[in-house]
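One structure is given here, and the rest of the page talks about it.
The values are calculated or read from the model by the stated rules, or taken from the named source; none is laboratory data. Source: prediction; values computed, not measured. Note: ideal-geometry Cβ built from the backbone for every residue, glycine included; neighbour counts use all protein chains shown.
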Amino acid sequence: MFIIVGLGNPGREYASTRHNAGYLALDILAARLGIDIRRHNFQAVFGEGFADGQKVVLVKPETYMNESGRAVRDVMNWYKAEHHELLLIYDDIDIPLGDIRIRSGGSGGTHNGMRSVIYQLCFDDFPRIRVGIGQAEGNRGLVSHVLGAPQGEEKELLNAALEQAADAAMLILKGRLLEAQAKYNKRPKKENPPRDNDPQTQENETPPGEQGGLGRPQIL
């Protein structure tokens, strides 16, 4: 079996936001697999179906982003699923808009939803698909960027990435994780090195963390 979880926030006001990329990718998968995501349990809305001879459960946690792990934990416990039978799909500001990345395991990075999932499950060896939403540009702050809905070309790029995420999920369902990684994991372009060798002038490559104290931190 496979449990596929798309991370996001419930409610119409968040439906089309960048932070709901996991929800949006899951909607594409649901349409392809003919699965209705409408049952309520496990602090989530979910649906069951079959693909390639195995059971598939599509899950959208309704706990808000920062508590996503509680819903994922409850679903995993109910279905008694193994680590490798879980797949997470979520947004990532550290990946360029329009790209996706696939990993077989690892930390949650700067994403509070993934941090919650790993904290509640007490393991991180499960595959995940990260949908790039890019960094905030201009005077747009992190919160406005993440909780905003893309328009125009940005929307087209995000939609293309969501389709790719669904394609990758279909490959992973078939046990072709390595193939999905080879196809969709693009290598970032190398930047020209600094002209001098002074380490003080080199760019800090530490990815930015998410900011706290935002009034409703549960949605981030």
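Brief remarks on what is shown
- Residue satisfying condition, being closer than 16 Å to residue 94 by Cα, of a type outside the set (S, T, N, Q), out of contact with any helix residue (DSSP H, G or I) (no Cβ under 8 Å at 6 or more places or on another chain) and modelled with pLDDT of 80 or more, within set 141, 132, 152: 141
- With respect to the conditions (1) in contact with a strand residue (DSSP E or B) (Cβ under 8 Å, 6 or more places away or on another chain); (2) crowded, with 18+ Cβ neighbours inside 10 Å; (3) not basic (Lys, Arg), residue 69 lacks only one, and its number is (1).
- Test set (1) crowded, with 20+ Cβ neighbours inside 10 Å; (2) free of Cβ contacts under 8 Å to residues at least 40 places away in the same chain; (3) over 19 Å from residue 173 (Cα atoms) - residue 17 fails condition number: (2)
- Identity of the residue in the stretch 14-71, of a type in the set (Asp, Glu) and not in a helix (DSSP H, G or I), that ends up nearest to the chain's Cα centre (by Cα): 62
- Residue within the stretch 94-112 that is buried (at least 17 other Cβ atoms within 10 Å of the Cβ), under 20 Å from residue 45 (Cβ atoms), within 13 Å of the chain's Cα centre (by Cα) and not hydroxyl-bearing (Ser, Thr, Tyr) present: no
- Looking across 143, 131, one residue alone is of a type in the set (A, V, I, L, M), within 16 Å of the chain's Cα centre (by Cα) and within 16 Å of residue 19 (Cβ to Cβ). It is 131.
- Scanning the stretch 129-147 for residues that are more than 28 Å from residue 105 (Cα to Cα) and surrounded by 17 or more Cβ atoms within 10 Å (Cβ to Cβ) turns up nothing.
- Tabulated pairs, the stretch 173-187, first over 17 Å from residue 1 (Cβ atoms) and free of Cβ contacts under 8 Å to residues at least 40 places away in the same chain, second of a type in the set (A, V, I, L, M, F, W, C) and part of a helix (DSSP H, G or I), C-beta under 7 angstrom, 6+ apart or interchain: 179/171
- Contacts under 8 angstrom Cβ, first residue in the stretch 81-105 being within 18 Å of residue 8 (Cα to Cα) and without any contact (Cβ under 8 Å) to a residue 40 or more places away in the chain, partner part of a loop (DSSP other than H, G, I, E, B) and not hydrophobic (A, V, I, L, M, F, W, C), 6 or more apart: 95/134
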